[in-house]
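The values are calculated or read from the model by the stated rules, or taken from the named source; none is laboratory data. Computed from a predicted model, the values in this text were never measured in an experiment. Here the Cβ positions follow ideal geometry from the backbone for every residue, glycine too, while neighbour counts run over all protein chains shown. To get the accessible areas, we keep the full protein, side chains included, count just its heavy atoms, and leave off ligands, DNA and RNA. Shrake-Rupley method; radii C 1.70, N 1.55, O 1.52, S 1.80 Å.
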Amino acid sequence: MMKTARRSAVIVALVSLFVQLFIPVSMALAASMNNTKVADWRNTWHLHLFNGLHWTDEGMWMKKVDGKVAFCVEHGVDLDMSGSGYNPSTYSDSKKDQLAKIAYYGYYQNPTNRNYAVTQMIIWETLGDSLLTTPNKTYQSEKKAILDKVAAHDCKPSFNGKQITLAVGDSITLTDTNGRLAAFAQQTANTANLKITKSGNKLTLTATAQSKESGKVAYAIAKAADVGTSFVYTKGSQQKLVNFKLSNNGEFSLPIKVNLNGNVKARKVDADTNRALPGAKLKFEYNGTTKEVTTGTDGCAALNGIKAGTKIKISEVTAPNGYVIRANSKKSPSNPGRPLKLFSATRSS
């Protein structure tokens with residue numbers, strides 16, 4: 001009997017634990033709501049949820065759920081002025097992405113009471129309601145400005161995705177012919193460590209000695225806090241409220257390659273005629289390494305494949321036939337593709 005009692009106690013305890021573990025998350029996260037008037041507009045509508053019922057708004061009201069701004073998606077359904085017990089779940093309406101963009105451009109980018117009221121009206125229209133009258137004389141122009149931004153959200157700068165290849169010290173200025181760059185205010189990546197200047201629809205990228213061999217540059221429209229999952233809050237027969245989040249931040253990116261290797265080129269010329277002199281032996285010294293290179297028919301001796309920015313000392317070891325060595329040397333940084341005219345020669349007497 002004792003064993004049976006113990007087994008029963010264990011089973012009851014396990015069942016209790018199981019039930020506690022599997023209490024719906026929505027119950028654990030039940031939220032509180034409050035409703036605040038933000039505009040005195042007396043709008044009239046035909047409501048799609050009620051087969052075109054004629055409806056009059058007695059003002060516009062901002063909904064907040066646990067302090068987060070939310071929008072009504074069931075126009076005409078009852079809603080208390082405040083209360084608790086609102087349960088969140090993922091909002092899955094087929095128009096959720098469109099509605100989230102409307103909420104972002106209409107309100108979240110510039111959160112004022114007026115903008116909330118205008119945005120709520122656009123959301124109701126998008127969901128199928130028909131606006132009949134409104135005392136807001138500029139509503140149509142405000143709606144158009146917001147919906148134009150919504151339509152442009154997925155339009156990237158004209159150079160989006162372009163492979164950018166730079167040598168250290170080089171710059172490139174990209175001009176956005178789509179006129180969209182100014183909207184991308186959030187830099188989200190510069191993993192190649194470029195120097196970047198952004199102004200209007202122009203983006204200038206410069207590779208420096210501190211840049212990395214590869215990476216990307218990326219900018220986004222929206223901040224990370226504006227992107228995520230849209231949640232709908234429900235409570236019995238009360239109207240549904242949605243806190244909207246964008247599904248993406250509208251990012252564009254550019255793949256970057258940087259040529260970190262540079263070269264130094266020294267040229268030997270006649271001091272009087274400036275004619276190129278082959279056959280001179282020049283010494284290159286850098287980072288404890290010494291290399292000797294003889295000038296070719298163009299009078300040049302080059303050292304290639306050296307990390308850009310490396311300081312190199314160049315001096316003459318042997319003069320061309322008929323010339324004497326002049327006591328001169330130069331120090332130069334290694335840079336990609338930049339010839340350096342260093343030495344002149346005097347004929348031997």
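Return the residue satisfying two criteria in turn: it lies in the stretch 70-103 and is within 28 Å of the chain's Cα centre (by Cα) and open to solvent by less than 20 Å² (accessible area, probe 1.4 Å), and of such residues it is farthest from S32 (Cα to Cα).
Checked the stretch 70-103; the qualifying residue farthest from S32 (Cα to Cα) is I102.
Which one of the conditions (1) over 25 Å from the mean Cα position of the chain (by Cα); (2) of a type outside the set (K, R); (3) crowded, with 18+ Cβ neighbours inside 10 Å does T138 fail to meet, given that it meets all the rest?
For T138, the exception is condition (3).
Restricting to the stretch 163-173, name every residue that is touching a residue at least 40 places away in the same chain (Cβ under 8 Å) and not polar (S, T, N, Q).
To start, the set of residues in the stretch 163-173 that are touching a residue at least 40 places away in the same chain (Cβ under 8 Å) comprises 163-170.
Matches in the stretch 163-173: I164, L166, A167, V168, G169, D170.
Can you pull out every residue in the stretch 298-313 that is at pLDDT 90 or above and either crowded, with 17+ Cβ neighbours inside 10 Å or farther than 26 Å from R347 by Cβ (or both)?
G299, C300, A301
For L99, which of the numbered conditions (1) within 25 Å of D40 (Cα to Cα); (2) part of a loop (DSSP other than H, G, I, E, B) fails to hold?
Result: L99 fails condition (2) only.
Does the stretch 236-248 contain at least one residue that is open to solvent by less than 50 Å² (accessible area, probe 1.4 Å), among the polar types (S, T, N, Q) and in contact with a Cys (Cβ under 7 Å, 6 or more places away or on another chain)? I'd like the intermediate steps shown before the answer.
Let us first name the residues in the stretch 236-248 that are open to solvent by less than 50 Å² (accessible area, probe 1.4 Å), namely 238-239, 241-244, 246.
Going one step further and asking which of them are among the polar types (S, T, N, Q), we end up with 238-239, 243.
Filter once more, keeping what is in contact with a Cys (Cβ under 7 Å, 6 or more places away or on another chain): 239.
Scanning the stretch 236-248, I find at least one residue that is open to solvent by less than 50 Å² (accessible area, probe 1.4 Å), among the polar types (S, T, N, Q) and in contact with a Cys (Cβ under 7 Å, 6 or more places away or on another chain), so the answer is yes.
Those residues that are surrounded by 15 or more Cβ atoms within 10 Å (Cβ to Cβ), basic (K, R) and part of a loop (DSSP other than H, G, I, E, B), I need them from the stretch 142-199; list them, please.
K156, R180
Report whether or not T177 is at negative phi, at pLDDT 95 or above and touching a strand residue (DSSP E or B) at 6+ places or on another chain (Cβ under 7 Å).
On the way: at negative phi: yes; at pLDDT 95 or above: yes; touching a strand residue (DSSP E or B) at 6+ places or on another chain (Cβ under 7 Å): no.
Here the answer is no, as T177 does not meet what is asked.
Pick from W45, W124, W61: which is in a helix (DSSP H, G or I) and either under 20 Å from N243 (Cβ atoms) or open to solvent by less than 80 Å² (accessible area, probe 1.4 Å) (or both)? Before you say what the answer is, go through the steps one by one.
Working: W45 fails: in a helix (DSSP H, G or I); W61 fails: in a helix (DSSP H, G or I).
None of the other options fit; the residue is W124.
Yes or no, residue by residue, for (1) under 30 Å from A225 (Cβ atoms); (2) assigned to a loop (DSSP other than H, G, I, E, B); (3) open to solvent by 40 Å² or more (accessible area, probe 1.4 Å):
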site	(1), (2), (3)
L254	yes, no, no
V258	no, no, no
A266	no, no, no
N274	no, yes, yes
F284	no, no, no
K291	no, no, yes
G296	no, yes, no
